[in-house]
Amino acid sequence: MIGEKMIALAKELYPINRSLTGEGVRETLRILKRENPELEIHSVPTGYKAFDWEVPKEWNCFDAYIITPDGKKICDYKKNNLHVVQYSIPIEKELSLKELQKHLYSYEKLPDAIPYVTSYYNKTWGFCISENERKKLKPGKYKVVIKSELKNGELNYADLVIAGKSDKEIMFSTYICHPSMVNNELSGPVLATFLAKYIKSKDNYYTYRFVFAPETIGSLVYMSKHLKHLKEKVKAGYILTCVGDERAYSYLPSRYGNTLADKVALNVLNYEIKKFKKYSFLDRGSDERQYCSPGADLPFCSVMRSKYATYPEYHTSKDDFNLVTAKGLEDSYKLYTKIIDVLENNFYYQTTVIGEPQLGKRGLYPNTCSPKTNYELAFLYRNFLAYADGNNDLVDIADIIGVSAYKLIDVAKLFLKHGLVKVV
């Protein structure tokens, strides 16, 4: 069962402390490369400029904790890496509870959860603690210890290109910069890993490009290296994130919602899923901000389960394996393979005969006509042919006649086999 394999990979990756940079990112990429050996790992140095941004220093954390006045160790990084604010500077000192409170972060709406907090571009330090535990803190002297380093190092990312018959590309991008959270972090890379395996098992028309990079700065770095190529070759792109829970599906469009990626996603969602939440590009929050930005204008949208920043567990320790399941991951995998299959067959079709072809002599029409005859398939065939005029691609035809483009794939292949349509 593909979902069980996906959840097993997520559990292997879960304990790793990922951030924008550092050994956690490299370890994650090494594991992903084990799954797809063709994956190529790259790096750029601290200070590398990507458009208006600059790669920060490399950050690694080795240990972090607080010792309470009664000698108890709390906010132990080795028990949960969310306890330390990402990119905290090293520190070891004693301070009062009043002083400590300035460096503590909790989440009142989810009082037993540890929040996820970052400070990538501002030198500071801090700890994340559940609201319930924070309320138990008593006055006195607290010892805080963060054993971390900020150094001139590198930012790592990876890509995987699977060649098809055409040099036109479909691109999937996902991020590898969050610590121990599952839906908002690991579900994307895990789905990308298994979609790559799926594509490698097929004979494809398109070339497929997978990108694994830290969110925002990573996608900007990638575009700074490849933008001219991406603008020329990428015909549809998808951000893979938040695809592991079993709640409602979500769709977030490209900037104008008019790309091939949008068209295919909406048809598959409308007819294969039916109920889903549709967002505006104004609700964006992941790397579509970079890929769809003016000047880049790449054709990216997102198909998710619970959209980031909308579900209660978001950016907390509750984003765990109680939220993300094997079924949730497998269902997202199945949905995206349908999107891929539609893209692979989304050609412009034109009938080769004038008038309706005689389907009966080809075994494509009921042998007998009576009130009990089921004409559903025959009507589907007729409707497909009526709009296969060379001006509509597979999704256009599907939208016009009100069916799933995925359902029309076999119809198109059948008519190609019988010579009733041709690809134009």
Within segment 110-129, identify whether any single residue is in contact with a Lys or Arg (Cβ under 8 Å, 6 or more places away or on another chain) and surrounded by 20 or more Cβ atoms within 10 Å (Cβ to Cβ), and answer yes or no.
-> yes
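Is it fair to say Thr68 is polar (S, T, N, Q), surrounded by 15 or more Cβ atoms within 10 Å (Cβ to Cβ) and not assigned by TED's automatic domain parsing to the domain that holds Asn322?
Values: polar (S, T, N, Q): yes; surrounded by 15 or more Cβ atoms within 10 Å (Cβ to Cβ): yes; not assigned by TED's automatic domain parsing to the domain that holds Asn322: yes.
Yes, satisfied.
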In segment 19-43, the residues that are in contact with an Asp or Glu (Cβ under 8 Å, 6 or more places away or on another chain) and under 18 Å from His226 (Cβ atoms) = Leu39, Glu40, His42, Ser43
Do we find a residue being touching a residue at least 40 places away in the same chain (Cβ under 8 Å), closer than 17 Å to Glu35 by Cβ and in a strand (DSSP E or B) anywhere in segment 189-200?
-> no
Lone unmet requirement of (1) surrounded by fewer than 19 Cβ atoms within 10 Å (Cβ to Cβ); (2) assigned to a helix (DSSP H, G or I) for Glu94 = (2)
Under 9 Å by Cβ, and 6 or more places apart or on different chains, what pairs join a residue from segment 335-364 that is within 19 Å of Val403 (Cβ to Cβ) and without any contact (Cβ under 8 Å) to a residue 60 or more places away in the chain with one that is hydroxyl-bearing (Ser, Thr, Tyr) and assigned to a helix (DSSP H, G or I)?
-> Leu359/Tyr381; Leu364/Tyr381
Single unsatisfied condition, Gly47 versus (1) over 30 Å from Ala296 (Cβ atoms); (2) over 26 Å from the mean Cα position of the chain (by Cα); (3) in the same structural domain as Gly218 (by TED's automatic domain parsing) | (1)
Hey, among the residues in segment 300-313 that are part of a loop (DSSP other than H, G, I, E, B) and under 15 Å from the mean Cα position of the chain (by Cα), which one's farthest from Ile340 (Cα to Cα)?
-> Ala309
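Applying the selection to segment 272-288, what residues are in a helix (DSSP H, G or I) and over 15 Å from Ser332 (Cα atoms)? Outline the logic, then answer.
So the first thing to find is which residues in segment 272-288 are in a helix (DSSP H, G or I), and the list is 272-273, 281-283, 288.
Passing the criteria: Phe281, Leu282, Asp283, Glu288.
The values are calculated or read from the model by the stated rules, or taken from the named source; none is laboratory data. Fair warning: this is a prediction, and the values are worked out from it, not measured in the lab. Every residue, glycine as well, gets a Cβ built from its backbone with ideal geometry; the counts of neighbours run over all protein chains shown.
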